[in-house]
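The values are calculated or read from the model by the stated rules, or taken from the named source; none is laboratory data. All figures in this text were calculated on a predicted structure; none of them were measured in a lab. Cβ atoms come from the backbone with ideal geometry, glycine included; neighbour counts cover every protein chain shown. We work out accessible area using only protein heavy atoms, side chains counted, and drop any ligands, DNA or RNA first. Shrake-Rupley method; radii C 1.70, N 1.55, O 1.52, S 1.80 Å.
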Amino acid sequence: MAKQKGIVPLTGTIGGINFYYLNGKPVARRAGGGFNGKAIKEKASMQRVRENGSEFGHCSQVNKAFRRSLYPFYAGHTFTHFHSRLMTLFTKLKDLDAAHDRGKRRVANGVATNSGKMLLQRFTYTPACPLTSVLPFSYQYIATNHSLHIPGLDSSQVHWVKGAGLLSITLGVLVFDFETLAFSFFESEPIWLTPETVKQDYSLSPTQAVHGTGVRIAFLGIRFYQLVNGERYVLQGNDAVGFGVVGIA
């Protein structure tokens, strides 16, 4: 591969040379080579490529369903690189599958391990709005009745983002089947805080009984709003929406 030089960069194929842009820069390389579909499907030397492709496709399917399942926490908001960051998580979870050969490893088997559950819980889902920074408080999640207790929540210690006058805190219990990709999501009523809210204890639990087959993952979601003449408007900055895992059963 070589860089193009000249006043007007070329694109297309001329004289057996491909001219194109890579990362915004004009480059050129000899046409041909690379992989083709038949070689990937049939050549023994392409076995590793086939294995990686199969597992990548599986992780992509899990990724899509998982993002859909969490949509109530970020409806109307777009996270930068959310898909690619989750792909990293699910690839690591797939790698924990010791029951299958390469090419057939599955995320569900990784999640079933203690290490997999730890990965799910410790993953930073919204790095621009991490729970531990916004809510520097201790809390206790009780898996038996899917309730979360936050003792002594002091709004003056909340890391308020610029322009925010209101904060919602919601518990969501996701029941996710990593094999079938079926899911159900059960939410609590939100806690509403302003910078003037007095320090007190809070408890959250879903408004409906949690049921379904799959891993039960408790998420705590936060969202900042701007108050204008008594009306609340969702802030759109990446630091205004966040969620993270507070328990897995």
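If you check residue 164 against the conditions, is it open to solvent by 70 Å² or more (accessible area, probe 1.4 Å) and of a type in the set (A, V, I, L, M)? Here the answer is no, as residue 164 does not meet what is asked.
Is one or more of the residues making up the stretch 109-128 under 20 Å from the mean Cα position of the chain (by Cα), β-branched (Val, Ile, Thr), in a helix (DSSP H, G or I) and within 21 Å of residue 175 (Cα to Cα)? Yes, the stretch 109-128 contains at least one residue that is under 20 Å from the mean Cα position of the chain (by Cα), β-branched (Val, Ile, Thr), in a helix (DSSP H, G or I) and within 21 Å of residue 175 (Cα to Cα). When the test is whether a residue is modelled with pLDDT of 55 or more and open to solvent by less than 60 Å² (accessible area, probe 1.4 Å), residue 44 does not pass it.
For the stretch 77-108, the set of residues classified as open to solvent by 30 Å² or more (accessible area, probe 1.4 Å) and part of a helix (DSSP H, G or I) consists of 83, 84, 85, 88, 91, 92, 95, listed by residue number.
When residue 144 is tested against (1) touching a residue at least 24 places away in the same chain (Cβ under 8 Å); (2) in a loop (DSSP other than H, G, I, E, B); (3) of a type in the set (Val, Ile, Thr), only condition (1) is not met.
In the condition set (1) open to solvent by 20 Å² or more (accessible area, probe 1.4 Å); (2) at pLDDT 95 or above; (3) in a loop (DSSP other than H, G, I, E, B), residue 192 is compliant with all but (3). Only strands (runs of 3 or more DSSP E) whose full extent lies in the stretch 195-241 are considered here, and the ones with at least 1 residues that are open to solvent by less than 30 Å² (accessible area, probe 1.4 Å) are 200-204, 215-228. Taking the listed residues 184, 156, the one that is over 30 Å from residue 48 (Cα atoms) and modelled with pLDDT under 95 is 156, with no other qualifying.
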